[in-house]
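Written below as structure tokens is the structure these notes are about.
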């Protein structure tokens, strides 16, 4: 079976989303000198080994657990790479298996981005709710003060306008994040569907092999 252009297209889209996320989180004035945290870089090396067919799913999950606990060390990855060099694969990966490995690693990374984006969005929405309360309080204070202290009432109105401007800025950021999140979810759904289709192909091939033995 030829995997077709869909897999390549999804991988390209996933990589674009991941690059976009990384750019959004670069805070240094010199992006060319920015390196990912050590744990992320080590985990990326493990995923590359999996994509290349050098380690199996069980080994990937073992190292994923270490990475999630923050316990993945450079020496762990170095030993794994040494073992890979010492071991030769009996047969090259099939086209379906190569596609599955690439899709699974993108899915894992996009899921992490989705969770991070959801946390950031929820934080922004909480800030907006807090600003709404403060804006309402300033507006009420201005009404209460206008009858006996117009200058104070004017200050409350100015403070309300400043808070409103901040709220509008945060609202635009929240809308952009929500759009990013919607795109992430759409791509993840497509990746899940493609993974399911490829796994079904593998399963049928396995059944055919077992019935012809």
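Odds and ends about this structure:
- The long axis of helix 150-212 is offset from the longest Cα principal axis of the chain by roughly 10 degrees.
- Residue of 45, 107, 87 that the Gaussian network model of the chain assigns the largest fluctuation, springs spanning Cα pairs under 10 Å: 87
- Considering helices alone, the calculated mean residue ellipticity of the chain at 222 nm is -29500 deg cm²/dmol, with DSSP H runs of length four and up weighted by -39500 (n - 2.57) and normalised per residue.
- With the gyration tensor restricted to C-alpha atoms of region 122-173, the semi-axes of the equivalent ellipsoid amount to 25, 10, 5 Å, longest first.
- Taking only the Cα atoms of region 81-144, the radius of gyration and Dmax are 25.7, 82 Å.
- Counting all C-alpha pairs of region 36-91, share separated by more than 15 Å (%): 43
- Globularity index of region 173-212, i.e. its alpha-carbon radius of gyration over 2.2 N^0.38 Å: 1.95
- Between the Cα long axis of helix 74-86 and the first principal axis of the chain there is an angle of about 20°, rounded to the nearest 10.
- Stokes-Einstein D in µm²/s, Kirkwood radius over Cα pairs - region 93-213 at 37 °C with 0.692 mPa s viscosity: 176
- The chain: angle of helix 4-24 to the longest principal axis, Cα-based, in degrees nearest 10: 40
- Calculated SAXS-style log₁₀ I(q)/I(0) at q = 0.14, 0.18 Å⁻¹ - the chain, Debye, Cα scatterers: -0.98, -1.32
FYI, it's all coordinate maths here, none of it is from the lab. Because the structure is a prediction, the values reported are computed rather than measured.
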